[in-house]
Every structure is written in C-alpha cells, then in structure tokens.
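S.K.: Dumping the structure here so I can ask a few things about it.
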Amino acid sequence: MNQSKIAKLRKDKSLTQENLAEKACVTVRTIQRIEAGEEVSSETLKNISNALDAVSYTHLRAHETRGNL
C-alpha cells in the first residue's frame, strides 16, 4: 500500500493520527504502521476508508493491489 495516500487523505481532512485511529476503531500505532508502509489487513483498510468517508474501500483495495494507492 502506498502509505502517502492514507496520510494525504488524513491530512486533507485535517485529522491527526489519533483522530483517524479513533474514527477507524484502530490504534494510533496501527495508523503509524500503515503510514510507514507496513501491510494492512482488509478489515483495517475497510475501517480506515469508512473513517475517511470520501474514498471507498473497493477503490482503496483496487489501487493497493495495483500499487497505485
């Protein structure tokens, strides 16, 4: 996953890592790991995409698979 996409979407929505973690029901450490480029489960990706509203899970997953996220 291209971690810069998640970080950009988060920042575009003026969310801190803490805010996003709370909205996505994940830990701040999980957000940090994702933004550092570590792998993410489908369930976590779905939670984050829901928390970011503007991007669908399917869209994120498709770009992740192609390496275009």
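Read the figures in this text as sums done on the coordinates, not as results from a lab. All figures in this text were calculated on a predicted structure; none of them were measured in a lab. No Cβ is skipped: glycine too gets one built from the backbone with ideal geometry, and neighbour counts run over all protein chains shown.
S.K.: Under 1.5 on a/c is rounded, so check that first for the stretch 1-41, then, if it is not, pick prolate when a/b is larger than b/c and oblate when it is not; a ≥ b ≥ c are the square roots of the alpha carbon gyration tensor eigenvalues.
M.R.: Oblate shape, in that a/c is at least 1.5 and b/c is the bigger or equal ratio.
S.K.: Further question on the same structure: Sum up the charges of everything whose Cβ sits under 15 Å from the Cβ of Leu20, counting Lys and Arg as +1 and Asp and Glu as -1, but leave Leu20 out.
M.R.: Within the 15 Å Cβ shell, the charges total +4.
S.K.: In whole Hz, what ³J(HN,Hα) sequence does the stretch 16-22 give by Karplus (6.51, -1.76, 1.60; θ = phi - 60°), x for Gly and Pro?
M.R.: 7, 4, 5, 4, 5, 4, 5
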